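A.B. asks: If you scroll down you'll find the structure; I have some questions about it.
The values are calculated or read from the model by the stated rules, or taken from the named source; none is laboratory data. All values reported here derive from a predicted model rather than from experimental measurement. Cβ atoms come from the backbone with ideal geometry, glycine included; neighbour counts cover every protein chain shown. To get the accessible areas, we keep the full protein, side chains included, count just its heavy atoms, and leave off ligands, DNA and RNA. Shrake-Rupley method; radii C 1.70, N 1.55, O 1.52, S 1.80 Å.
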Amino acid sequence: MAVELDGRLEAVVDHGADTRSLFLGLPVPFDFRPGQFISCRLPVGGEILNRPYSIASSPEETRRLEIVLNLVPGGPGSHYLFGLAVGAAVRFTGPWGSFVLDRAPEAETVFIADGTGIAPIRPMLRRGVATATGRPLRLLAGAAARDRVLYRDELDALAREYPAFRWDHVPSAALADEVRRRWVDGDADRSRHFFVCGVGAIVPAIRDVLRHAGYERRAVQYEKW
Ligand SMILES: Cc1cc2nc3c(=O)[nH]c(=O)nc-3n(C[C@H](O)[C@H](O)[C@H](O)COP(=O)(O)OP(=O)(O)OC[C@H]3O[C@@H](n4cnc5c(N)ncnc54)[C@H](O)[C@@H]3O)c2cc1C
């Protein structure tokens, strides 16, 4: 059930010049499913802007949420959030969304994340390995360079701990071609499940590549920002 809460900005972690994580302490436990988002209500220029942000932390951590966001050029919501100091209040509603993973599917599962699109996929991955069925779990992360992939140390650690999990980086511009090469042209297996997230046209482009190749509609889930 969705609620409205005031989070308190407890910590800020910069991942680079224009990407940062905000950690929100919560007054009461907050239940959500891996992959869901909150809608921040941001007081900007005399009005309230509603801006959704995926929850990058895991549901097991009920009293603190992490969101990770880009500073969007000219974007009022992201500039407001980047301007907040530790201690500031952030009002939000949620949880929202049906882009979720509660248990690892009984099939090979492929996560495709472009940039900050890894935010909802991170708790999904953690849930995926925790409920693993022995089927492979794969992540293809789009970013300008491997050392720009968010949470890469954590992903490496996860891959060491869970042999069924592997991740690779690909330049964002090559993401759709790489998806086609691996999971369309690569073999005739169409039993895989996909979770795709990122900003803009790349997301429906990848969705269409997969669905047109014969993957079931409901096996290709996506969230486009
Ligand atoms: C379900 C959902 C979950 C989201 N989760 C996240 C998240 O976890 N992290 C995050 O950074 N954003 C996320 N977004 C996008 C976020 O809600 C805002 O749109 C974004 O912060 C830009 O807001 P703004 O007011 O600064 O700029 P606006 O003026 O509202 O947007 C300007 C343009 O920026 C584009 N844009 C949106 N998000 C990004 C981005 N991340 N990087 C570059 N360009 C972008 C939009 O397509 C838009 O055309 C999510 C959006 C949705 C719908």
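A.B. asks: Using only alpha carbon pairs under 8 Å that are at least six residues apart, calculate the relative contact order of the stretch 3-96 and give it in whole percent. Write down the numbers at each step before the final one.
C.D. replies: Details: 196 pairs, mean separation 37.0, N = 94.
Reported relative contact order: 39 percent.
A.B. asks: Right, here's the next one. Just to be sure I understand the model, the point goes 7 Å from the Cα along the line to the Cβ. What's the resulting residue 217 to residue 180 distance in nm?
C.D. replies: Those two pseudo-labels are separated by 2.4 nm.
A.B. asks: Still on this structure, please answer the following. If you rank 215, 53, 80, 222 by how much accessible surface each has, with a 1.4 Å probe, what is the order from largest down?
C.D. replies: Correct descending sequence by accessible area is 222, 80, 53, 215.
A.B. asks: Can you give me the angle between helix 118-130 and the longest principal axis of the chain, using Cα atoms only, in degrees from 0 to 90, rounded to the nearest 10?
C.D. replies: Result, in degrees: 60.
A.B. asks: Springs between alpha-carbon pairs under 10 angstrom, Gaussian network model over the chain: which of 114, 14, 31 fluctuates most?
C.D. replies: 14
A.B. asks: Excluding ligands, DNA and RNA, what is the solvent-accessible area per residue of the stretch 20-145 at a probe of 1.4 Å, expressed in Å²?
C.D. replies: About 38 Å² of surface per residue is accessible.
A.B. asks: Sticking with this one: Pairs of Cα atoms under 8 Å, at least six residues apart: use those to get the relative contact order of the chain, whole percent.
C.D. replies: Computed value for the chain: 18 percent relative contact order.
A.B. asks: Working only with C-alpha atoms, what are the Rg and Dmax values of the stretch 3-96, expressed in angstrom?
C.D. replies: That works out to 12.3, 36 Å for Rg and Dmax.
A.B. asks: Another one. Roughly how tilted is helix 202-212, in degrees to the nearest 10 and between 0 and 90, from the longest Cα axis of the chain?
C.D. replies: It is inclined by approximately 30 degrees.
A.B. asks: Pick out which of 173, 132, 188 has the largest mean-square fluctuation in a Gaussian network model of the chain, springs linking Cα atoms closer than 10 Å.
C.D. replies: 188
A.B. asks: Additional query: From the phi angles alone, apply the Karplus equation (6.51, -1.76, 1.60; θ = phi - 60°) to the stretch 172-185 and give each ³J(HN,Hα) in whole Hz, x where the residue is Gly or Pro.
C.D. replies: 3, 5, 9, 4, 5, 5, 5, 4, 5, 4, 6, 10, 10, 6
A.B. asks: Would you kindly derive the ³J(HN,Hα) couplings of the stretch 99-104 from the backbone phi angles with the Karplus curve 6.51 cos²θ - 1.76 cosθ + 1.60 (θ = phi - 60°), listing them in order in whole Hz, with x for Gly and Pro?
C.D. replies: Listing the rounded values in order: 8, 9, 9, 8, 9, 4 Hz.
A.B. asks: Measure nothing fancy, just the Cα-based angle from helix 152-161's long axis to the longest principal axis of the chain, in degrees from 0 to 90, nearest 10.
C.D. replies: Compared with the principal axis, the helix lies near 50 degrees.
A.B. asks: Still on this structure: Count the DSSP beta bridges whose two residues both fall in the chain, then state the antiparallel fraction as a percent rounded to the nearest 5.
C.D. replies: 60 percent
A.B. asks: Evaluate the Kirkwood expression for the hydrodynamic radius of the chain, namely the inverse of the mean inverse distance over all pairs of different C-alpha atoms, and round to one decimal in Å.
C.D. replies: 18.0 Å
A.B. asks: For the chain, what % of the accessible area comes from carbon and sulfur atoms, probe 1.4 Å?
C.D. replies: 50 percent
A.B. asks: Related question: Hey, could you pull the Cα Rg and Dmax for the stretch 109-224, both in Å?
C.D. replies: Final numbers for Rg and Dmax: 13.1, 35 Å.
A.B. asks: Round to a whole angstrom and tell me the spacing of the C-alpha centers of the stretch 30-83 and the stretch 109-143.
C.D. replies: 20 Å
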